[in-house]
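See below for the structure under consideration.
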Amino acid sequence: MTLQQIQEAAEFIQQQTNGFVPQAGIILGTGLGALVQDISIEFTIDYAGIPHFPLSTVESHKGRLLFGTLSDKKVVCMQGRFHYYEGYTMQQVTFPVRVMKLLGIEQLIVSNAAGGLNEHYQVSDLMIISDHIGLFLPENALIGTNLSTLGDRFPDMSEPYDASLVSTALDIAKANGIRAHAGVYASVTGPQLETKAEYRMLRLLGADAVGMSTVPEVIVARHMDLPVVGISVITDMCIPEQLEKAEIQKILTAAFKAEPNMTLIIKKLLSNAENRSNK
Ligand code: HPA
């Protein structure tokens with residue numbers, strides 16, 4: 001993935017959107033697409049039409065970029081993301097984040113469906129990601145020639161998720177009676193779910209939730225120094241002793257149920273960001 005390819009994709013999008021400059025980028029996870037109904041959409045671009053963009057393959061994901069306004073903020077929203085388990089390289093998985101940065105985003109909001117490892121969590125709770133474990137991923141988009149105009153060779157990861165945004169998100173949840181926790185997200189490739197022994201291991205390592213996305217995009221966002229907020233929707237509980245068979249339908253149902261809470265937090269985070277920049 002070269003800088004030129006990223007620039008070509010961004011230029012194509014700028015032409016298609018009359019130079020729309022989004023302030024925030026949003027990535028919607030599995031079963032969490034309803035937020036788009038709240039965006040007053042100005043432009044829609046299918047991934048298929050964008051130079052160098054990978055194509056979305058998972059059925060529950062639509063592959064397009066939406067441009068519009070949410071909470072009085074200009075946003076670009078990825079309706080459908082790319083997962084490593086679909087066969088993409090990590091550079092393909094993270095390509096849209098690079099492009100959104102060139103389009104002008106000042107923060108990245110990323111969501112996902114995740115398995116709950118912390119015994120205090122319940123299905124359909126939210127977890128505001130405070131840190132992550134990405135070491136299980138076999139590939140890394142930053143390996144290879146560093147795109148030095150975009151970021152450092154050795155990006156800092158001491159605070160991958162913006163601490164003030166994490167605490168604001170938790171405050172918003174509390175004020176609105178939404179069950180939300182700050183926690184550590186562990187990223188695995190999937191597509192198979194984990195064994196009981198693997199869940200036990202992840203719990204021992206300090207993970208509060210596990211999922212098949214997010215960390216690759218966050219690494220690339222942080223490489224470019226973009227502030228990140230991550231929200232996991234707990235779709236199933238993964239306590240080894242009480243493990244039930246995973247069913248995609250149950251996971252989607254739990255995601256749908258929690259989605260309005262996630263949407264509320266994202267909208268309030270956006271309006272809060274506006275207030276801050278107006279000060
Ligand atoms: N493991 C990995 N990914 C997931 C899970 C899980 O238990 N639940 C939802 N996404």
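The values are calculated or read from the model by the stated rules, or taken from the named source; none is laboratory data. What you see is a predicted model; the values in this text were computed from it and never measured. Cβ placement follows ideal geometry from the backbone for every residue including glycine, while neighbour counts extend to all protein chains displayed. Quick note on the areas: whole protein, heavy atoms, side chains included, nothing else; ligands and nucleic acids left out. Shrake-Rupley method; radii C 1.70, N 1.55, O 1.52, S 1.80 Å.
Structure summary
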| read-out | value |
| --- | --- |
| Residue count, the stretch 104-123 (criterion: of a type in the set (S, T, N, Q) and not in a strand (DSSP E or B)) | 2 |
| Qualifying residue in the stretch 187-200 (condition: without any contact (Cβ under 8 Å) to a residue 24 or more places away in the chain and of a type in the set (Val, Ile, Thr)) | yes |
| Any chance Glu106 is within 16 Å of the ligand (Cβ to nearest atom) and not hydroxyl-bearing (Ser, Thr, Tyr) | no |
| Candidates Asn146, Asn118, Asn112, filtered to the one that is within 30 Å of Ala34 (Cα to Cα) and open to solvent by 30 Å² or more (accessible area, probe 1.4 Å) | Asn118 |
| Some residue of the stretch 40-58 being among the β-branched types (Val, Ile, Thr), out of contact with any strand residue (DSSP E or B) (no Cβ under 6 Å at 6 or more places or on another chain) and within 25 Å of Ala114 (Cβ to Cβ) | yes |
| All positions within the stretch 147-197 that are within 16 Å of the ligand (Cβ to nearest atom) and of a type in the set (Asp, Glu) | Glu194 |
| Some residue of the stretch 114-127 being more than 20 Å from Ala255 (Cα to Cα) and either modelled with pLDDT of 95 or more or not hydroxyl-bearing (Ser, Thr, Tyr) (or both) | no |
| Failed criterion for Lys245 (all others in (1) in contact (Cβ under 8 Å) with a residue 12 or more places away in the chain; (2) within 12 Å of the ligand (Cβ to nearest atom) hold) | (1) |
| Helices (runs of 4 or more DSSP H) lying entirely in the stretch 184-279 (those with 2 or more residues that are open to solvent by 20 Å² or more (accessible area, probe 1.4 Å) and among the basic types (Lys, Arg)) | 196-204, 248-278 |
| Residue tally, condition over 17 Å from the mean Cα position of the chain (by Cα) and either buried (at least 17 other Cβ atoms within 10 Å of the Cβ) or of a type outside the set (A, V, I, L, M) (or both), over the stretch 125-143 | 4 |
